[in-house]
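Below: the structure, in structure tokens.
The values are calculated or read from the model by the stated rules, or taken from the named source; none is laboratory data. These numbers were taken from a predicted model, which means no experiment stands behind them. For neighbour counting, all protein chains shown are included, and Cβ atoms are generated from backbone atoms with ideal geometry for every residue, glycine included.
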Amino acid sequence: MCVPAGLISMGLYLPAKPIAGKRKQALTGFLQETLLPKAYIDLIDQYEQLPGSIESNFDGWERQPWFKTWIANLPTSKQADPFQGTKERRRVPIDPESQAQSIVPHPMLPSDAETLAGALALVNGKIDKSEIDLLITSSQVPDLPLPPNASLVQHKLQLQNAGAFEVDSCCSSFITALEVAEALVRAGIKNKVLIVASYIDSMVTDKSDYFSVNTGDAAVAGVVARVEEGYGFITSHSTSHGSRHNGIILQRRSPQLIKQSGSRSRYEQEFVTFYNPQATKEIAANSQKDMVEVVGKALEKISLTVSDLDFLVTHQPVQWASPAWREALGFAPSKFYESFAKYGNIANCSAAANLYEAIELQLINAGNRVLMASSGAGENHIGLVEKITPELVNSVTGMHFTDSVPEHLSIA
């Protein structure tokens with residue numbers, strides 16, 4: 001017999017996100033017992049914000065000497081609105097060790113971003129790390145192609161009692177990992193599972209590509225455990241369309257905008273690339289239909305309709321996508337939250353970050369039935385419905401670090 005399982009805590013690492021007071025003290029204290037580089041902990045302690053910065057359109061593009069050339073080389077359809085709805089995005093800091101020891105420093109390692117997000121989820125929920133018996137990671141840009149980050153993040157967090165493995169369905173990975181974690185807890189195989197996802201776009205973005213204005217950095221984490229009857233996981237369904245698998249890929253190439261000075265100056269690296277135009281057109285043309293299909297099949301399993309749900313959070317690959325999904329599914333604007341203008345496409349972190357911020361803003365309360373839905377390159381779709389626990393709301397709003405509970409958190 002299955003036991004109820006759901007999210008009881010979350011942590012969101014967005015570069016430059018403020019963190020102060022008792023929550024900051026608890027986080028820095030926890031991080032002292034991890035293998036996160038001390039330089040990052042010092043930044044949190046000194047500036048009362050998470051490491052990294054906010055990149056505006058002006059800083060990233062308009063102030064650059066190549067900006068006019070970039071505009072001229074954009075597809076004609078993009079030139080009138082080159083930033084496609086984005087105003088800013090988050091960027092992780094440069095890794096301090098590589099800055100001190102290398103002439104080619106690199107951004108914060110994905111495993112460090114994941115360690116920070118995982119620590120936030122444990123601290124926010126006041127969960128002892130010894131209780132975690134499984135870690136699931138979804139590193140859209142891992143430290144290395146092989147092995148995945150799972151065991152490294154388990155080591156950096158010092159989760160002595162946890163196994164670790166990777167789950168990957170590209171941008172839908174956090175929801176896919178949530179489905180797996182909740183199934184394991186419901187079956188009694190695991191007790192508390194920590195899920196961590198990251199997208200460190202700074203490592204794979206080609207700023208001369210038109211799509212680069214849409215993407216940013218983030219990491220997110222959640223803890224799944226047994227919950228009170230009636231809360232947590234309700235239903236889910238996933239679909240795949242492998243004929244579109246090469247629409248969007250990581251490809252080793254030179255930047256789109258480069259003036260060669262010689263045969264040795266190619267500056268090649270792995271960049272996100274819209275590789276197969278026909279496949280990407282199919283992805284866009286079928287976007288609404290695919291989302292309606294996967295959500296409909298999830299709801300059919302338990303004889304619910306969209307009218308029975310309280311809120312929607314989704315992935316946000318481009319400006320038009322998530323509002324189009326909302327309209328196709330039939331959710332009112334008041335039952336929906338997205339953050340594209342602030343963060344852009346943060347890939348496998350998008351839906352989870354929107355869930356976190358909607359709780360923060362009191363748009364989602366304990367007891368609400370929330371649909372989390374996402375597409376992912378490959379191409380994969382998933383829809384999962386969760387009844388939000390009081391524990392999750394408390395972890396996000398910081399109730400564990402205050403003495404009183406606001407009225408909106410009480411359950412009727």
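Assess whether D209 counts as being among the charged types (D, E, K, R), at negative phi and under 12 Å from the mean Cα position of the chain (by Cα). Judged against the criteria, D209 is not a match. Mind checking whether some residue in segment 180-191 is among the small types (G, A, S) and at pLDDT below 95? No, that holds for no residue.
Looking only at residues that are without any contact (Cβ under 8 Å) to a residue 24 or more places away in the chain and under 22 Å from A352 (Cα atoms) in segment 129-150, which one is surrounded by the fewest Cβ atoms within 10 Å (Cβ to Cβ)? I'd like the intermediate steps shown before the answer.
First, the residues of segment 129-150 that are without any contact (Cβ under 8 Å) to a residue 24 or more places away in the chain: 144-148, 150.
Retained after the next criterion (residues that are under 22 Å from A352 (Cα atoms)): 148, 150.
Values: P148: 20, A150: 24.
That would be P148.
Does N348 satisfy being more than 30 Å from S53 (Cβ to Cβ) and outside the structural domain of V224 (by TED's automatic domain parsing)?
no
Just checking, how many residues over segment 43-82 are surrounded by fewer than 16 Cβ atoms within 10 Å (Cβ to Cβ), of a type in the set (A, V, I, L, M, F, W, C), at pLDDT 95 or above and part of a loop (DSSP other than H, G, I, E, B)? Within segment 43-82, residues that are surrounded by fewer than 16 Cβ atoms within 10 Å (Cβ to Cβ), of a type in the set (A, V, I, L, M, F, W, C), at pLDDT 95 or above and part of a loop (DSSP other than H, G, I, E, B) number 1. Please find, among I283, I249, the residue that is assigned to a strand (DSSP E or B) and either farther than 30 Å from G125 by Cα or modelled with pLDDT of 95 or more (or both). Going through I283, I249 in turn, the sole match is I249. Those helices (runs of 4 or more DSSP H) of segment 303-386 in which 2 or more residues are surrounded by 24 or more Cβ atoms within 10 Å (Cβ to Cβ) and touching a Cys at 6+ places or on another chain (Cβ under 9 Å) occupy 350-360.
When the residues of segment 1-42 are filtered to those that are of a type in the set (G, A, S) and buried (at least 18 other Cβ atoms within 10 Å of the Cβ), the one that is farthest from A219 (Cα to Cα) is A5.
Residue selection: E62 fails the criterion of being more than 26 Å from A177 (Cα to Cα), touching a strand residue (DSSP E or B) at 6+ places or on another chain (Cβ under 7 Å), assigned by TED's automatic domain parsing to the domain that holds H106 and of a type in the set (D, E).
What about I248, is it surrounded by 21 or more Cβ atoms within 10 Å (Cβ to Cβ), in contact (Cβ under 8 Å) with a residue 60 or more places away in the chain and not assigned by TED's automatic domain parsing to the domain that holds Y13? It would help to see each step written out before you state the result.
Details: surrounded by 21 or more Cβ atoms within 10 Å (Cβ to Cβ): yes; in contact (Cβ under 8 Å) with a residue 60 or more places away in the chain: yes; not assigned by TED's automatic domain parsing to the domain that holds Y13: yes.
The answer is yes for I248.
Can we say P147 is more than 19 Å from L27 (Cα to Cα) and under 17 Å from the mean Cα position of the chain (by Cα)? Working first, answer last.
Working: more than 19 Å from L27 (Cα to Cα): yes; under 17 Å from the mean Cα position of the chain (by Cα): no.
When the stated conditions are applied, P147 does not pass them.
Of all residues in segment 129-177, those being in contact with a Pro (Cβ under 6 Å, 6 or more places away or on another chain) and either in a strand (DSSP E or B) or not charged (D, E, K, R) (or both) number 6.
Please state which one of G222, G230 is on the phi > 0 side of the Ramachandran plot and modelled with pLDDT of 95 or more.
Working: G222 fails: on the phi > 0 side of the Ramachandran plot.
Only one candidate qualifies: G230.
Does Q84 count as of a type in the set (S, T, N, Q) and in contact (Cβ under 8 Å) with a residue 12 or more places away in the chain? Yes; evaluated as a whole, the condition is true for this residue.
In summary, S111 fulfils each of the numbered conditions (1) assigned to a loop (DSSP other than H, G, I, E, B); (2) touching a helix residue (DSSP H, G or I) at 6+ places or on another chain (Cβ under 7 Å); (3) not charged (D, E, K, R) with the single exception of condition (1).
Scanning segment 178-211 for residues that are among the aliphatic types (A, V, I, L, M), assigned to a helix (DSSP H, G or I) and buried (at least 24 other Cβ atoms within 10 Å of the Cβ) turns up L178, A181, V185.
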